[in-house]
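First the structure, in the form of structure tokens, and then the observations on it.
The values are calculated or read from the model by the stated rules, or taken from the named source; none is laboratory data. None of the values given here were measured: they were computed from a predicted structure. Here the Cβ positions follow ideal geometry from the backbone for every residue, glycine too, while neighbour counts run over all protein chains shown.
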Amino acid sequence: MNSRYELSRRHIIQLSALGLAGIPALGRHEAIAQDAPGSELIGQLEGPQIITDPAAFPTTFNEAPQLAELVAQGALPSVEERIGQDPLVLAPVHEIGQYGGTWRRGFTGPGDRFNGWRVASGTDALLYYDHTTEHIVPNIARAWEVSEDGRQVTVSLRRGMHWSDGAPFTADDILFWYVYIYGNAELTPAKTQLMSINAQEGTIEKVDDHTIRFTFADPYYLLPELLAGHTDLGGHASQGLYGNGLFAPAHYLKGFHPSYTPVEELDAKIAESGLDSWTLLFLRQNDWTVNTELPTLSPWMLRSPSNTATWALERNPYSIWVDTDGNQLPYIDEIVMTLAEDNEVLNLRAVAGEYDFQARSINLLSLPILLENQEQGDYTVSLDPGNYGSDQTIAFNLSYQADPEIARLIGTTDFRRALSLGVDRDQLNETYWLGLGTPGTMAPIETNVFSPGPEYRTMWATYEPDRANQMLDALGMVERDGEGFRLRTDNGERLRLEIQTGVAGLMPGEQIAEMVVQQWREIGIYADVRALETTAGSQRTRANEHQMGTWLPDGNENLWIYPGMTFSYWMAQTMTGPLHAQWYQSNGAQGLEPPEWLSQVYTEFRRGYGVPLEERIPLGQNIWRILIDEVAQIGLVGLSPASMGVRVVKNNMDNVPGRIYNGPASKNPAIARTQTFYFMS
């Protein structure tokens, strides 16, 4: 085991002394007992209030001093003109803040784009969630209405809203995306399925400058949730580089689109960029993390790109967010993220107090030393447990084909169950979760509406090596070699499995996989761990070359919003069967037909898009029952703060909630409305 592991184990005694062992995994609204171990690190789930009653809106507005100077110089319109008639009003969680300051953070490179997006984009989805993620609230759009039959959704935009360069944001920016990006086969050869229901594509029409209407042939009751969540329709900042996002700055991007730009002019821009095509140029220009000239709707706008050592953003003078006193948000002037060579360096900098707010890439194993250095570093450590069942799984590639014998075994339910019964989750929990997690399957927390029931927490997820051995024997895998490892049934050689993992990530996947491999020796299973950097791993996964892999299925408590971590849904990002995902996304035209049980999952999942929540709940519960009974993934340990839930915050930063909902759908810490964070001094 490596030195980082040994260091962590030495701190476990200190952890216990601090009363942290066994911190409970909490539901959305579960109370924390006053005497619960470590309860002082988990605060109350809270957040700013979104004011929707125009009668409660402020009638006068203020702005940051540097913006006021530009107004006085005639370089900017007044703050009233910049905000427009329909500001997005927030009541801060604690108090009205003050302007100024630089928010210092760490990031790990261009691939860490969600780091900046989660803290600085707002987010810029049309709709969003309140701090509990249980209620949809207005965001970039001020209102929405679903027709009684569920076939139309009408969305009202904010009047007088602007892009960061001062150009108006209107329904035309949504129509531009719909016609010239989504509707262009070169830019989006694989269209998002979220613009279709029951394989029938919907339409978007402009009602007036500030109103759009979605129309579908069948009911689509789920659409507002998809407009609020982390989805293909979830906003320009995160989705623009993929050709998704639902809207885009038409006035800017027309200069890179052949429908608006002469061929000679566009060819010259392509040549200057060094890229191979107009589509690559267009998507790069639409990338919120790298193009400093790209107009945005987010509270902060890009000043220095993510492919440099210092990723920096500064306040957007046209931000529509204001507090209840009429102060234009954000309070904080700029966000500056400094490149860390790896997660270990980032964690050391956090311990030293070099960051003002950091949770992303903070390792749970750093918790004891972070607590030791709180006073010296002038920061406070808090924990935000997630509601997803497993922070790390061993995911099976159910569409694997390269080795027929291994493909047959992976496709055999009792083989997957036996491997799961061969995992000692308590050992994993004590070693890599410091005893703070809940061992079990990947089922969401029991308070989740889609929870299949408490018995599914431990189904096929207890440590029973004797039972696992019996099951493997029953599959005909009786013969073993001299070292006790089982032999293949086709050629008599040792069965060799492989777990693919990343060399860097939000969890120590390589070390977790190595421990699982050692535990499997007790049931005669030999496996190697293959650690790859992110790009190589993604390429191998998309090529369907992996057998199994460590996987972070965060967000699976929001089953219809973030399904790709739970079952084979996204071709480009699924460890659980890319060819099955391709089959699903292409409506059976491409890829590999899934087994019967996965086909049932797909059928019930599709149905869920078109029914109200009360009908969707039993569908979701049954999907979970199938996935867990079939052991689509081996859940390990979860319901913990291990993934982006160890939060380090400087003591002079305020309006930070006691607890922040932790999950991809919440886009934490954006769910806390970071534009209301401020420095007290």
Subject >> Cβ-Cβ under 7 Å pairs, at least 6 apart or on other chains, region 585-613 side in the same structural domain as R408 (by TED's automatic domain parsing), far side among the β-branched types (V, I, T) and surrounded by fewer than 16 Cβ atoms within 10 Å (Cβ to Cβ) >> reply: none
Subject >> Single condition P664 does not satisfy, out of (1) part of a helix (DSSP H, G or I); (2) in contact (Cβ under 8 Å) with a residue 60 or more places away in the chain; (3) not hydrophobic (A, V, I, L, M, F, W, C) >> reply: (1)
**OP:** Return the residue satisfying two criteria in turn: it lies in region 586-629 and is of a type in the set (S, T, N, Q) and assigned to a helix (DSSP H, G or I), and of such residues it is nearest to the chain's Cα centre (by Cα).
**Re:** Q621
Subject >> Options L302, L348, L339, L283; residue that is under 25 Å from G240 (Cβ atoms) and either free of Cβ contacts under 8 Å to residues at least 40 places away in the same chain or touching a Phe, Trp or Tyr at 6+ places or on another chain (Cβ under 6 Å) (or both) >> reply: L302
Original post:
Restricted to region 30-59, and to residues that are more than 17 Å from G386 (Cβ to Cβ) and touching a Ser or Thr at 6+ places or on another chain (Cβ under 8 Å), which residue is modelled with the lowest pLDDT?
Top reply: A33
Subject >> Output for region 241-283, where each listed residue is β-branched (V, I, T) and touching a Ser or Thr at 6+ places or on another chain (Cβ under 8 Å) >> reply: I270
**OP:** Identify all residues within region 465-523 that are of a type in the set (A, V, I, L, M) and within 30 Å of P110 (Cβ to Cβ); write none if there are none.
**Re:** I499, V503, A504, L506, M507, I512, A513
**OP:** Hey, can you tell me all the residues within region 570-585 that are surrounded by fewer than 24 Cβ atoms within 10 Å (Cβ to Cβ) and either under 13 Å from the mean Cα position of the chain (by Cα) or modelled with pLDDT under 90 (or both)?
**Re:** W570, M571, A572, Q573, Q585
Subject >> Filter pass, R159 being surrounded by fewer than 19 Cβ atoms within 10 Å (Cβ to Cβ), touching a Gly at 6+ places or on another chain (Cβ under 8 Å) and of a type in the set (K, R) >> reply: yes
**OP:** Scan region 480-503 for residues that are under 18 Å from F415 (Cβ atoms), of a type in the set (V, I, T) and in contact with a Gly (Cβ under 6 Å, 6 or more places away or on another chain) and report the count.
**Re:** 1
**OP:** Residue by residue through region 383-409, note down the ones that are charged (D, E, K, R) and at pLDDT 95 or above.
**Re:** D384, D403, E405, R408
**OP:** Residues being free of Cβ contacts under 8 Å to residues at least 40 places away in the same chain, closer than 22 Å to W570 by Cβ and buried (at least 16 other Cβ atoms within 10 Å of the Cβ): count how many of those fall in region 193-206.
**Re:** 4
Subject >> Number of positions in region 221-265 that are polar (S, T, N, Q) and either surrounded by 20 or more Cβ atoms within 10 Å (Cβ to Cβ) or within 22 Å of G610 (Cα to Cα) (or both) >> reply: 4
Subject >> Entirely in region 366-421, the helices (runs of 4 or more DSSP H) that have 2 or more residues that are in the same structural domain as P444 (by TED's automatic domain parsing) >> reply: 404-410, 413-421
Original post:
Listed residues I96, I181; which is outside the structural domain of P612 (by TED's automatic domain parsing) and surrounded by fewer than 21 Cβ atoms within 10 Å (Cβ to Cβ)?
Top reply: I96
Original post:
Among helices (runs of 4 or more DSSP H) lying entirely in region 207-263, which contain 2 or more residues that are in contact (Cβ under 8 Å) with a residue 60 or more places away in the chain, under 15 Å from L297 (Cα atoms) and touching a helix residue (DSSP H, G or I) at 6+ places or on another chain (Cβ under 6 Å)?
Top reply: 236-239
Subject >> Residue among T412, T380 that alone is surrounded by fewer than 24 Cβ atoms within 10 Å (Cβ to Cβ), modelled with pLDDT of 95 or more and under 20 Å from G635 (Cα atoms) >> reply: T412
**OP:** Among the residues of region 348-363, write down those that are in a helix (DSSP H, G or I) and crowded, with 23+ Cβ neighbours inside 10 Å.
**Re:** A350
Original post:
Since V449 meets every condition but one in (1) hydrophobic (A, V, I, L, M, F, W, C); (2) touching a helix residue (DSSP H, G or I) at 6+ places or on another chain (Cβ under 6 Å); (3) farther than 18 Å from L639 by Cβ, which condition does it not meet?
Top reply: (3)
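Let's see how each residue does on (1) of a type in the set (K, R); (2) crowded, with 17+ Cβ neighbours inside 10 Å; (3) more than 28 Å from V336 (Cα to Cα):
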site	(1), (2), (3)
D267	no, no, yes
G274	no, no, yes
S277	no, no, yes
F282	no, yes, no
T292	no, no, no
L297	no, yes, no
Original post:
Can you find even one residue in region 199-214 that is at pLDDT 95 or above, among the small types (G, A, S) and over 23 Å from D124 (Cβ atoms)?
Top reply: no
